[in-house]
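Have a look at the structure below before the remarks.
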Amino acid sequence: MQCINDDHMSSADEIANASVYLTDHLKDPETAFSTDPLHTHLTRAFGTKKSAFERSEEPQNELRLKRFGMRTEKSICGDFHHMLWCF
């Protein structure tokens, strides 16, 4: 799936991968109610001890970081219609 208004890939892979680990995350007493940014279902899904921001800055995640920047820019500018198509 691609964004309608640009050539960036969809982040559906991140959402699908993280959703698979959500139940495990919520059943784990160490992470279920943790406020630690490293205790998320995303870090569990991607098998990392890095925050989402640290992970997005890795060279292999360049497109993910670019997508995040686009969504942030569009939300700040109030361009919500196009922001929603870039997930």
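The values are calculated or read from the model by the stated rules, or taken from the named source; none is laboratory data. As the structure is a prediction and not an experimental result, all values here were calculated from the model. Please note: Cβ atoms are built from the backbone with ideal geometry, for glycine as well, and neighbour counts cover all protein chains shown.
The number of residues in region 14-61 that are over 14 Å from the mean Cα position of the chain (by Cα), hydrophobic (A, V, I, L, M, F, W, C) and assigned to a loop (DSSP other than H, G, I, E, B) comes to 2.
Considering region 40-87, the residues that are of a type in the set (Phe, Trp, Tyr) and modelled with pLDDT of 75 or more include one that is surrounded by the fewest Cβ atoms within 10 Å (Cβ to Cβ), namely PHE53.
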